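Engineer: Here's a structure for you.
Readers should treat all values here as calculations from the given coordinates under stated rules, not as data from a laboratory. Values in this document were obtained by computation on a predicted structure and should not be read as measured data. Virtual Cβ from ideal backbone geometry, glycine too; neighbours counted across all protein chains shown.
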Amino acid sequence: MDFGLSDEQLMMQDAVRSLLENECPVADVREGLDADTHHDPALWSMLAEMGLTGLIVPEEYGGSGFELLDAALLAEVAGEGALPGPLFGHQLATLAVLRGGDEAQRARWLPALASGESIGTIAWAEPGDVWNPDSWACTLVDGAVSGTKAHVPHASIADVIVVGIAGGGLAVVEATASGFQIEPFDGVDRTRRIDTVVFDGSPAEMLGASDVAVPVVRDAALVLLAADAFGCAHTLVRETVDYLNEREQFETKLTQFQGIKHELANLITGLEPTRALWWYAAHAIDHVPDDASRVAAITKAHIADRSTEIARQCVDLHGAMGYTWESTVHVWYKRIMFDRAFLGGPSEQRTRAAALSDW
Amino acid sequence: MDFGLSDEQLMMQDAVRSLLENECPVADVREGLDADTHHDPALWSMLAEMGLTGLIVPEEYGGSGFELLDAALLAEVAGEGALPGPLFGHQLATLAVLRGGDEAQRARWLPALASGESIGTIAWAEPGDVWNPDSWACTLVDGAVSGTKAHVPHASIADVIVVGIAGGGLAVVEATASGFQIEPFDGVDRTRRIDTVVFDGSPAEMLGASDVAVPVVRDAALVLLAADAFGCAHTLVRETVDYLNEREQFETKLTQFQGIKHELANLITGLEPTRALWWYAAHAIDHVPDDASRVAAITKAHIADRSTEIARQCVDLHGAMGYTWESTVHVWYKRIMFDRAFLGGPSEQRTRAAALSDW
Amino acid sequence: MDLEFGEHHARLRDEVEAFLTANWPSDDVRAFRRKAIDVGYLYRHFPAVYGGSEQPADPMADDIIESAFTAARAPQGIIGQGPDMVVPTLLMSGNDAQRERFIEPTLLGDISWCQGYSEPTAGSDLASLRSKAELDGDEWVVNGHKIWTSDADTSDWMFGLFRTEPDQPRHHGITFLLIPMDQPGIEVTPIQSMTGETEFCEVFLTDARTSIDCQVGERGGGWGVSRNLLVHERNLMGFRTQQLFESMLELARTRQMNGAPAIEDAGVRRSLIEIEGELLAAKYSRYRSLTNSARGNPDPNAALAGVVKKLHASTMAKKLTQLGLDLAGADEGLRAQGDASVDLGRANEPGGWTANYLFTHSSAIGGGAPNIQRNIIGERGLGLPRDLRTPKESTPST
Amino acid sequence: MDLEFGEHHARLRDEVEAFLTANWPSDDVRAFRRKAIDVGYLYRHFPAVYGGSEQPADPMADDIIESAFTAARAPQGIIGQGPDMVVPTLLMSGNDAQRERFIEPTLLGDISWCQGYSEPTAGSDLASLRSKAELDGDEWVVNGHKIWTSDADTSDWMFGLFRTEPDQPRHHGITFLLIPMDQPGIEVTPIQSMTGETEFCEVFLTDARTSIDCQVGERGGGWGVSRNLLVHERNLMGFRTQQLFESMLELARTRQMNGAPAIEDAGVRRSLIEIEGELLAAKYSRYRSLTNSARGNPDPNAALAGVVKKLHASTMAKKLTQLGLDLAGADEGLRAQGDASVDLGRANEPGGWTANYLFTHSSAIGGGAPNIQRNIIGERGLGLPRDLRTPKESTPST
């Protein structure tokens, strides 16, 4: 047994951290919140060059051939730096094609997704908070998709859209196809835009092994959201420590007050042990499939709660400045709100996990 | 509208506080935990002389003619001082006869209960956590009670036992009667002993208006437990402040550390607003009957939670000393455990309150 | 204790409804307010001589009037820092001329106010403020920089604290001034908040001027004047949670959870009751506090109840909005505030729960951050000793 | 990362079961332990040369062995401060003679240990301890008063800290000594705990003696020796929550709530999952920490994970036992611990949940009170500056 990260994994994370510090510091992220889409093609190319757009794609399709744990480690760093752009949806679309596609479908889409030339996304939810594949209403009839999908990450810049279809299938729509319209949704997290996509007979192709891919994509999404929230929360604690170290009140450094010290200690005590939890949850998707869905749900719920506590307390610890747009804390706060809500909040996830238990 | 205590009420509380400080300081209470029963007849006589044993009994029966709010104010002070003895059961038995008895029954039992000459108690629960009157199994056939009652406060010294009967009635058994046996229960709160009472054809008399009395007695019990827990929790905070004011660590007074100050501030912020809540809940039993059951359940649940948090934190704030029998903090801690559990914990009470809501 | 809904309350309800039928809608909001004050329905706790209606404390009557006005969508008292902060301050510390000049116009909305209090380097630690005023003949000349000022861009006057005796330390030598906003020496810059709105402003004062008649209380005695103010501000910051709770019940009835309305879920039901417990505690604490003031403070624990109020309210608001946002589901959880506001009656409109959720953080501004509250509770409420501080300078008591 | 339950694990399970069938039950527990060590099943992380079995870190193998031994009710490693604290300390700071003399007898249960650490005026602030030792020829003569000493009445030896250079401040001048308990200069008085049991003792040392050979590490260097010890103690204090959680699931299946098993209540189900989340986090953190030690600490966040462990465990234990006690119902909530113990397999016997609930407070003893933990987490884990303290004396870093 070996329950730790490899040197390669640690180096990958450090490399992405450095890239984001240099190419996409949080001040730039904040500036971009008002932009039309928060997508920087140059940054995307750099991520692609590092092999990150094809992280989980096998080498035979031009990818790096890593596992979901690596994808989650990338999500952690993306959360730390509040990385804007389509990475989240891209990873899930890639996974859907990888696990759900037949040989021809993989060969058709994976190389461009791996190289980053194509941006992928996933159209999972439907209006009215429908996240459960059993309730999907979008239809695929005669090779054409019709219906409305909600909360599609960065749909407006996607080349390949994986769409959940009534009956629990997944179909691929290429953005060059006709017959769909994209309506931007005014999302709370402006680093990861989400859109409503209305399909009206768009040409599409069903993935051959959709039934296999659907649960894996859902579990992976839950774990990636958890890892992202974990990264966000860690940064918020660090940013808060840095901010308070610089501030004085009553001629005393704020971090010398036990009130602040103990609050931060309580928060990090809730968070840090969950690192090993999402490591395991990611690992389980590839290696312990029987345990994967239940642990993914538990992990998403648990880290959503711990990171939310951190977000709300760290905003308050910034005092009035924490309430401003100028401070960057709200960037992570809102990203954690996204991570908490997407695919359903802690209560929904715990209800699912309980249903999956052998009690 | 007037939402405050009268001068008489404040004076009554102060008088009881003084009595307990002089006649029953907590060191004595702790000493008595190992005694057979924790009942001091001399102290009981003093309470009787102050009119407290007949607090809610009308003057025509020799009582003081006060309301349930006054009984709750007494329960608060009893909690503050961890008053050992039969007061809790006595108040409920008295209330049962007062609200449930016909004229003859009142005249027969109330004067001796009011004067304290008779000690009353209530046999409400049945084995297996049966607290709901609808599920009582004890029978009254041909004037004789049979069946087992659990958690009867201070049964071994009671003269008058009010017994819940299948179908939701209340009957009175006098201790001079034959046909019942008392088995002490090893309770966590040794200031208020509880016993199991096995009736096997004990002579008993049904109270005429039991159906009226049962909900009132239950609501009153919930409020008295809440007021008691509130008093206990307030004392625990004060004792903790006093203890920590005397202690130094790293050459600094412990109460100068914000870690302790903020913890105590959080605890008291949860507690102090509930004072007005139990005031209202007690008042509602006499004056807003439609609201009484629901608010009593909400109040019991809420104060059980707040006082439990205080108890657990205040024990820990005493360090290792808090874990000893010698320290008195466990006296209040365990009293709060009793208040939390008796008649069902927060979860049960909230479930009841929700069922009583007009949602 | 007497909470009876008596005959006089039933009569009051009828009278209020008759009044509203007769007088509202109306084109002249100001005249409507004046009439409503005169019959005793608005500004019930302010003296009649300065334009209030001077009624005895009666929260049940308050509730009856507020419900009827709300149902009729009739204007109630001006919400804001004028009636809530400036008027009580002038009543306590102003002179007669100031009361005459400012109180009634404030209550009727003729004069609006903003607060010049916090500064970039003096947030919770107000005693370190730097903006200063110097006397030039019979005018104060003011220079400095205020921040977190609500509505500075639309207000007629500012009230605030300014250092007038620069040689005195900390909270000594500070004076409370009223300053007209419409003058060349004042520049206002909005601050965008995390919600995307601009609730707060920065105010730059450069040789701004105000008459010496606009000094409230003694020169150098502004700290004492402002302490009274703080008490009122903390009342104002209380979150109107009851209405939000009603919205949440409505939400729980309509939202589906596991194929049934959320309100049928055993855990949701208990969570709602748990929050209702906090709300009821806050409600009856308010009754208690009003009664206690009306009686001249016999309640021995009233001070403790007073100091915990704000932290209790903000803790409660956080719990409540978290449950509301979660109950509203992912569609709402993912949504920006957008055009929604913290209008409590509209929480269930798109963005409404997000708006209320984010707004709970604004309490860090003005009324003091939560940790400052905890210090006040520990020290004033529980009698704990003051914090350790850097021993550089002995700090006078705040 | 590799968590495969591989073929070697299946083989190990068969081997352990065969070993147990062959060797247990047995009248000679000591011989059984020796055999189990020799085949590598007990004391897996201690060097073979001193009586351990020196296996590579493999928590899955640990789990397999522990499950099999538990199922067979076979004796496992001695639980207590000897193997958990003294042995690691001697391995790190002792000399060869001390290791030879003490380690193997400790692992086999021939020598039992108690800890002479806390004093009445030095609880969490150990550096202020006063018990002292003076050299008399080749013996230390010890005088003082230790408290919160588990099992002092039944132990063969005490390990502890004593002030040997009285002129040096705080944590300087303290020496780590091993002292035989069976001598006239030592008197032991039990302390009754709030549960009614006597888990702890006071120890009075009056001219007690121990050989200079029983000094561990340098004279005056006891503080450094003890810091290593603290790390181990905190591991020991971890609450074995998994077993308790299993008991709670069993309870939830059998307890009725609103006419159905509690485990069917939507809120209870979510609460159980919430607690399981904490347990899983703790479990995988343990795997992470074992792997990290085995690899020589490449994990950049391992220090943070280490310092939060104890506070996480005690917070989790409080949540878990609260839910358990509530689920057990009023019959249990009203019940004293009685004869029940904190034996985790027996939590559902009468008094079992009360016992476990009260026992969560014992963690305030020994491993440091929660607020001390928070300081350690803030300072060592997050790099925050040290607390303000009374400036009477500059306090050296702990």
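Engineer: Select from B:92, B:75, B:109 the residue farthest towards the positive end of the dipole of the stretch B:1-141; place +1 on Cβ of Lys and Arg, -1 on Cβ of Asp and Glu, and compute about the Cα centre.
Structural biologist: Looking along the dipole axis, the top candidate is B:109.
Engineer: I would also like to ask the following. What number, rounded to the nearest 500 deg cm²/dmol, is the helix-based mean residue ellipticity at 222 nm of chain C, given -39500 (n - 2.57) per DSSP H run of at least four residues and division by all its residues?
Structural biologist: Here the helix-only value at 222 nm equals -13000 deg cm²/dmol.
Engineer: For A:312-320, what's the mean count of beta carbons from other chains sitting within 10 Å of each residue's beta carbon?
Structural biologist: 6
Engineer: Fewest first, what order do C:248, B:206 take by the number of other Cβ atoms within 10 Å?
Structural biologist: Fewest-to-most ranking of C:248, B:206: B:206, C:248.
Engineer: Using modelled amide H (1.01 Å from N, peptide plane; none on Pro or chain starts), what sits under 5 Å from the amide H of residue A:165, excluding residues fewer than 5 places away?
Structural biologist: Sorted by chain and number, the residues that satisfy this are A:170, A:171.
Engineer: Treating only the Cβ atoms of Lys and Arg (+1) and Asp and Glu (-1) as charged, compute the dipole magnitude of the stretch A:7-115 about its Cα centre; round to the nearest 20 debye.
Structural biologist: The calculation lands at about 380 debye.
Engineer: Taking θ = phi - 60°, what integer Hz values does the Karplus form 6.51 cos²θ - 1.76 cosθ + 1.60 yield along the stretch A:51-64, in sequence order, with x for Gly and Pro?
Structural biologist: x, 7, 6, x, 3, 9, 7, x, 4, 4, 9, x, x, 8
Engineer: Then there is this: Multiply the residue gap between residue B:102 and residue B:242 by 0.36 nm, knock off their C-alpha separation, and tell me the result in nm, one decimal place.
Structural biologist: Taking 0.36 nm per residue and subtracting the Cα distance, the gain is 45.4 nm.
Engineer: Under a GNM of chain C (C-alpha, springs under 10 Å), which listed residue has the highest mean-square fluctuation: C:22, C:302, C:328?
Structural biologist: In the Gaussian network model the winner is C:22.
Engineer: Related question: Once amide H atoms are built 1.01 Å from N in the peptide plane, which residues 5 or more positions from residue A:249, or in another chain, come under 5 Å H to H?
Structural biologist: Those qualifying (amide H under 5 Å, at least 5 residues apart or on another chain) are A:254.
Engineer: From the label point of residue C:383, set 7 Å along Cα to the beta carbon, how far off in nm is each other copy's matching point, shortest first?
Structural biologist: In nanometres, ordered from closest: 4.4.
Engineer: State to the nearest 20 debye the size of the charge dipole of the stretch B:120-210 about its Cα centre, where the only charges are +1 on K and R beta carbons and -1 on D and E beta carbons.
Structural biologist: With Lys and Arg at +1 and Asp and Glu at -1, about 180 debye.
Engineer: Follow-up. For the stretch D:113-220, with only Lys/Arg (+1) and Asp/Glu (-1) charged at the beta-carbon, what is the dipole magnitude about the Cα centre, in debye rounded to 20?
Structural biologist: I would put it at about 380 debye.
Engineer: In a Gaussian network model over chain B where Cα atoms closer than 10 Å are linked, find which of B:265, B:209, B:292 has the largest mean-square fluctuation.
Structural biologist: B:265
Engineer: Another question about this same structure. Using packing as a proxy for protection, rank C:292-301, C:310-319 so that the peptide with the highest average count of other Cβ atoms within 10 Å comes first.
Structural biologist: Order by mean packing, descending: C:310-319, C:292-301.
Engineer: Going toward the positive end of the dipole of chain C, with +1 on Lys and Arg Cβ and -1 on Asp and Glu Cβ, which of C:102, C:194, C:183 do you reach last?
Structural biologist: Value computed over the given set: C:194.
Engineer: Would you grab the residues whose amide H sits under 5 Å from the one on residue A:144? Only those 5+ places off in sequence or on another chain, please, with H modelled 1.01 Å from N.
Structural biologist: HN-HN under 5 Å from residue A:144: A:204.
Engineer: Restricting to DSSP loop positions (anything but H, G, I, E, B) with no more than 10 other Cβ atoms inside 10 Å of their own Cβ, which GluC sites (Glu not before Pro) remain in the stretch A:187-290?
Structural biologist: A:246
Engineer: Cross-link partners among aspartates and glutamates for residue D:35, C-alpha distance below 16 Å, same-chain residues fewer than 8 apart left out?
Structural biologist: Leaving aside aspartates and glutamates fewer than 8 places away in the same chain, those within reach of residue D:35 are D:15, D:17, D:27, D:54, D:66, D:104, D:110.
Engineer: Now, a different point. Could you work out which residue, out of A:231, A:143, A:116, moves most in a Gaussian network model of chain A, that is, has the largest mean-square fluctuation with Cα springs under 10 Å?
Structural biologist: For chain A, modelled as a Gaussian network with Cα springs under 10 Å, the answer is A:143.
Engineer: Can you give the mean number of other chain Cβ atoms that lie within 10 Å of the Cβ atoms in peptide B:286-294?
Structural biologist: Mean shielding count: 1.
Engineer: Take peptide C:197-204, look around each residue's Cβ out to 10 angstrom, count Cβ atoms belonging to other protein chains, and average those counts.
Structural biologist: So the per-residue partner count for this stretch is 1.
Engineer: Also, I was wondering about something else. Please list, in order along the stretch A:82-89, the HN-Hα scalar couplings obtained from phi with the Karplus expression 6.51 cos²θ - 1.76 cosθ + 1.60 (θ = phi - 60°), rounded to whole Hz, x for Gly and Pro.
Structural biologist: With coefficients 6.51, -1.76 and 1.60, one gets 6, 3, x, x, x, 4, 4, x Hz.
Engineer: Please compute the alpha carbon radius of gyration of the protein assembly as shown, then divide it by the globular-protein estimate 2.2 N^0.38 Å. Two decimals is fine.
Structural biologist: So the Cα radius of gyration is 0.97 times the expected 2.2 N^0.38 Å.
Engineer: In this model, which of C:318/D:309; A:300/C:318; B:149/D:318; D:146/D:310 are farther than 26 Å apart at the alpha-carbon?
Structural biologist: C:318/D:309; B:149/D:318
Engineer: Using the Karplus curve 6.51 cos²θ - 1.76 cosθ + 1.60 with θ = phi - 60°, what ³J(HN,Hα) values do you get for each residue of the stretch B:136-149, in whole Hz, with x for Gly and Pro?
Structural biologist: 4, 10, 4, 10, 10, 10, 6, x, 9, 8, 9, x, 10, 10
Engineer: Around residue A:287, under 9 Å between beta carbons, what's the net of Lys plus Arg minus Asp minus Glu among the other residues?
Structural biologist: After counting each charged neighbour, the total is -4.
Engineer: Let me ask something additional. List the lysines whose Cα sits under 19 Å from the Cα of residue B:253, skipping any in the same chain fewer than 8 residues away.
Structural biologist: A:261, B:261, D:392
Engineer: On to the next question. Expressed as a whole number of Å, what is the distance separating the alpha-carbon centroids of the stretch B:217-235 and the stretch C:288-335?
Structural biologist: Cα centroid of the stretch C:288-335 versus Cα centroid of the stretch B:217-235: 22 Å apart.
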